């Protein structure tokens, strides 16, 4: 590839990073529960995506990077033990901004604590289905599992999350 082609590829990738980073960071934060780990995860996924950029279909670039993030997360979980998620109070930069920051921060903390209780697969499916707005089939494709497994993990994960959130409302 010549210098001109490389410049064009780099410009396309830079534009992709600028557009996709906020979404990728939010998803990574919900999966890891830690702003610094989320940033590291996105950085690693973007590096892998850049290396494969010549093979990445531009309309599917976010999905490709999300899949890389999930694969990197699985590797970390295997290395460290079942995905430990610790809420991080510095996550405000990664989450949507709303006028009532105290209330939103409390809700986000409750949500992350609930996600922390879920097994790895349930947590990932819930985040991709509910926050990432992926269909069951898209989620199954990204995780390499059946749609039935996605439905089951989502159902069980959401039930456990609802139970946790209901308990937290009763006993703050």
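The values are calculated or read from the model by the stated rules, or taken from the named source; none is laboratory data. No experiment lies behind these values; they were computed from the predicted model shown. Here the Cβ is made from the backbone with ideal geometry for all residues, glycine too, and neighbour counts use every protein chain on show.
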Odd one out for residue 60 among (1) under 11 Å from the mean Cα position of the chain (by Cα); (2) free of Cβ contacts under 8 Å to residues at least 12 places away in the same chain = (1)
key: residue 58 surrounded by fewer than 16 Cβ atoms within 10 Å (Cβ to Cβ) and at pLDDT below 70   = no
note = Taking region 2-52 and the residues there that are touching a residue at least 24 places away in the same chain (Cβ under 8 Å) and assigned to a loop (DSSP other than H, G, I, E, B), the one that is nearest to residue 123 (Cα to Cα) would be 33
ask   = Quick one: would you say residue 26 is modelled with pLDDT under 95, surrounded by 18 or more Cβ atoms within 10 Å (Cβ to Cβ) and within 19 Å of residue 128 (Cα to Cα)?
value = yes
task = Specify which of the listed residues (115, 94, 70) is touching a helix residue (DSSP H, G or I) at 6+ places or on another chain (Cβ under 6 Å) and at pLDDT 80 or above.
result = 115
key: Any hit, region 75-82, residues being at pLDDT 70 or above and either over 24 Å from residue 130 (Cα atoms) or surrounded by 12 or more Cβ atoms within 10 Å (Cβ to Cβ) (or both)   = yes
